[in-house]
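Each remark here refers to the structure printed beneath this line.
The values are calculated or read from the model by the stated rules, or taken from the named source; none is laboratory data. A quick note: this is a predicted structure, and the numbers were derived from the prediction, not measured. Note: ideal-geometry Cβ built from the backbone for every residue, glycine included; neighbour counts use all protein chains shown. What goes into the accessible areas is simple: the full protein's heavy atoms, side chains included, and nothing from ligands, DNA or RNA. Shrake-Rupley method; radii C 1.70, N 1.55, O 1.52, S 1.80 Å.
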Amino acid sequence: MNRLLGETESLCPECLYRIPARKVAEDGNVYLEKECPEHGKFKALIWRGSGQSYLDWNQNAQEAVGPLKSLTPVGRGCPYDCGLCPEHKANACTMVMEVTHRCNLRCPVCFASSGQISSHEPDIETIKGMYHTVLQSTGTPSIQLSGGEPTVRDDLPEIVALGRRMGFQHIMINTNGVRIAKDMEYLQRLVHAGAGTIFLQFDGVSDDVYQYTRGTNLADIKVKAVSNCAEAEIGVILVPVLIPGINDHQLGDIIQFAKSWMPTIRGVHFQPISYLGRYPAVPRDEDRITIPDVIDGLVRQTGGELSSENFLPRRSREAYCAFTSLFILGEDKRLLPINQRHTGELVSGWGYTRSPWESARSFMNLHWQFSGGNGARYSESCCGVNSAPKLRSWEDIYQLVAIRGLTITCMPFQDIWTLDLERLKRCCGHLVTPDNQIIPFCAYYLTSTSGKRLYTNLAEAATSK
Ligand SMILES: [Zn+2]
């Protein structure tokens, strides 16, 4: 039995030509099917669960508002005109800025294929121009300084300070944690410059995971990085890239680790692996982790502490790009949900605006920056909440969340097999290039089966110069 759930467009994984695609429910899962006249048929798992559960996930989604200003015209059509073009339907919630292509690790798993090329990186004037482009086109989203590994730049604190001076309230550092674990003075310079959050790659709690994902033992380094952040009083978001059979059994352990380091750790942001680079064959179903898999894993591996009701689709489209949730740590050390998908009055998360303080963009500003100001871990005696909080006002909630909140979020990226152009047009995770273009993250990192990219990255720009 299969059932057509919707039609969209995608790209051929071989030639990157735009082709029609269909979302189809079949045998309890949802697939994206497409056919290139030249290269044949392709089919990829996009949702592990019934067609109805897939449709339900999207039912309350509202259309988002596009960028303030488009910087490129419509020419060949989506996804070839990113800049952004006027066809784009969502403004940025996060803006990635690659400040270097260098890296101090050689990870087998890397979005940015970093490290192979040496020295090309934007200078401070170019970065000023990039910030300016972001302001002009999108306003002030959260900035993620990325790479490569951004902390290889000694002038990263200046880059942070420049962004703060230009009006960006929330600047995150996307890092593997190696330098901040070893160099406290550098971390303190970042904090003094105004960095808001350390967005820390954190694939698991044991070295076997890091051997696979990063090619070296890093478990102790990660703990040291978090401990230094506690001392420097900067918030941390743990960012695990989830890979089937490698670390998808550690979801519960990661949540326990996060709890043990609250309030320094502000959240856990899961990124199911997407297949970029050279992949001559379609990844198998068992190579994929979809939104329902992450939710199921969290529920099973936390022994009933978390329930699937706690995890919400993002309210503003695109719902299939994320889930969001917010918890408070109770006195008994259990997480108490602020959200209930179907029943609760109190709803908070990306795109939920019931709170007077919160919008999609401010969810991260509010919850991901360290606001406790009282050092590292909770003492055993702290904090007097022990049952589902009877919170009557948003002020109650935000006071509690400021010191005891934890977000658990997830963002699956698209790859050439799963790419849905309707979804891409509503993407709010963007990247700004040194050429002052703004490109959705998933389009920027997209590669064909032979590794050909749709958009030139920093490394290729360097090679061609
Ligand atoms: Zn083709």
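Listed by chain and number, the lysines placed with their C-alpha closer than 24 angstrom to that of residue 224 are 182, 259, 333; residues fewer than eight positions away on the same chain are left out. Remark: region 134-235 carries 32 Å² of accessible area per residue (probe radius 1.4 Å; ligands, DNA and RNA excluded). So which of 425/452; 222/452; 41/222; 34/69; 43/425; 41/425 end up more than 31 Å apart by C-alpha? Table pairs above 31 Å Cα-Cα are 222/452; 41/222; 34/69.
In whole percent, how big is the carbon plus sulfur part of the accessible area of region 1-102, probe 1.4 Å, protein atoms only? Heavy-atom surface of region 1-102 belonging to carbon and sulfur, 1.4 Å probe: 48 percent.
Each peptide in 165-172, 123-130 receives the mean, over its residues, of other Cβ atoms within 10 Å, and ordering these scores from highest gives 165-172, 123-130.
Cα extents for region 1-150 along the principal axes, largest to smallest and rounded to whole angstrom: 57, 37, 31. The length gained on full extension between residue 216 and residue 68, counted as 0.36 nm times the residue separation minus their Cα-Cα distance, comes to 49.0 nm. Here the Karplus relation 6.51 cos²θ - 1.76 cosθ + 1.60, evaluated at θ = phi - 60°, turns the backbone of region 430-441 into coupling constants of 10, 9, 9, 9, x, 8, 6, 10, 10, 10, x, 3 Hz, with x for every Gly and Pro. Diagonalising the gyration tensor over the Cα atoms of region 68-204 and scaling each eigenvalue by 5 before taking the square root yields semi-axes of 27, 19, 13 Å, largest first. Tell me whether region 1-65 comes out rounded, prolate or oblate; compute the Cα gyration tensor, take square roots of the eigenvalues as a ≥ b ≥ c, and use a/c under 1.5 as the rounded threshold. It is oblate, given that a/c is not under 1.5 and a/b is not larger than b/c. Here the extension length gained between residue 154 and residue 186 equals 10.7 nm, from 0.36 nm per residue of separation less the Cα-Cα distance.
Here's how it looks for residue 290: its modeled amide H is under 5 Å from those of 48, which are all 5 or more places away or on a different chain.
Per residue, the solvent-accessible area of region 1-42 (1.4 Å probe, heavy atoms of protein chains only, all protein chains present) comes to 56 Å². A prolate overall shape is assigned to region 155-260, the ratio a/c of its alpha-carbon gyration tensor axes (a ≥ b ≥ c) being 1.5 or greater and a/b exceeding b/c.
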